[in-house]
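What follows is one structure encoded as structure tokens, with my remarks underneath.
The values are calculated or read from the model by the stated rules, or taken from the named source; none is laboratory data. No experiment lies behind these values; they were computed from the predicted model shown. Here Cβ is always computed from backbone atoms with ideal geometry, including for glycine, and neighbour counts include all displayed protein chains. Accessible surface is based on the protein model in full, side chains and every heavy atom, while ligands, DNA and RNA are left aside. Shrake-Rupley method; radii C 1.70, N 1.55, O 1.52, S 1.80 Å.
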Amino acid sequence: HNPTEGNVLVCSEVDGGCYELITFSLTNPGGSISDGKRGSCLGPGVFLGRNRFAVLDRHKREIVVKNLNNETTKRVQAPLPNVDCLYDGGASGRIILRADDRAVLFEVQSRRVIGELTAPKIKNVVWSPDGTKVALLCKYGVVIANRQLEQLCSISDTVRIKSGAWDVSPSGGTSSKL
């Protein structure tokens, strides 16, 4: 979701992976919704900033940056082979790449790896509201890291992890409780 421009990026695994960029009016709640702009991808797509998003090319496994007109503006080779998914990187221009049992925080513009850690079978990524911590939700555990993707702690369980959310309520204890 891109709240500043009124866009939603919907991704699906149908037909080997595809996305649809839907645009809606921010000023008129009952306004129209534009016909979606579509394309193919591997895994989810993420917004890199207010007017661009990134998807993973399902054939070449490279990062494709697109503008809101769905035009390719840049293609960037992933820093690791076997990248099969990308997630929000917590800041403008950053993404988290999943490859095998590793996660890499990557800055697209500078093509620089900021951080890397081991996390088996990552299913989702949840950033804390203030953006200082990230929870990497794995099949049977959670890895907590800082914004540079340096591991702070981890926990594993025998029960599958399905989702996560940060608790920032005053009665919930600390501002970084997951």
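Modelled label positions at Gln148 and Leu80, each set 7 Å beyond Cα in the direction of Cβ, lie 1.9 nm from each other.
A simple spin-label model places pseudo-atoms 7 Å from Cα toward Cβ; at Asp130 and Ser110 they are separated by 2.4 nm. Overall, the ratio between the Cα radius of gyration of the chain and 2.2 N^0.38 Å, rounded to two decimals, is 1.06. Shown are Val65, Val113, whose ranking by accessible area with a 1.4 Å probe and every protein chain present, most to least, is Val113, Val65.
Placing +1 on the Cβ of every Lys and Arg and -1 on the Cβ of every Asp and Glu, with no other charges, gives the chain a dipole of roughly 220 debye about its Cα centre. When the Gaussian network model of the chain links Cα atoms closer than 10 Å, the mean-square fluctuations of Leu56, Leu26, Leu68 top out at Leu26. Within the listed set Pro120, Pro129, Pro44, the Gaussian network model of the chain (springs between alpha-carbon atoms below 10 Å) gives the highest mean-square fluctuation for Pro129. What does the net charge come to around Ala91 if you take all other residues with beta carbon closer than 11 Å to its beta carbon, with K and R at +1 and D and E at -1? Net charge in that neighbourhood comes out at 0. By the rule of a C-alpha distance below 17 Å, with chain neighbours fewer than 8 residues away ignored, the lysines paired with Lys139 are Lys121, Lys123, Lys162.
For the range 20-178, the relative contact order comes to 11 percent (Cα pairs under 8 Å, sequence separation of at least 6).
When the chain is treated as a Gaussian network with alpha carbon springs shorter than 10 Å, the biggest mean-square fluctuation among Phe24, Phe47, Phe106 belongs to Phe24. Once backbone amide H atoms are built at 1.01 Å from N, Lys133 has Ser128 as its partners under 5 Å, excluding neighbours fewer than 5 places away on the same chain. Each residue of the range 70-81 was assigned a 3J(HN,Hα) from its phi angle through the Karplus expression (A = 6.51, B = -1.76, C = 1.60, θ = phi - 60°), giving 6, 9, 5, 9, 6, 10, 10, 5, 5, x, 10, x Hz with x at Gly and Pro. A 1.4 Å probe, protein heavy atoms only, puts the accessible area of Val168 near 80 Å².
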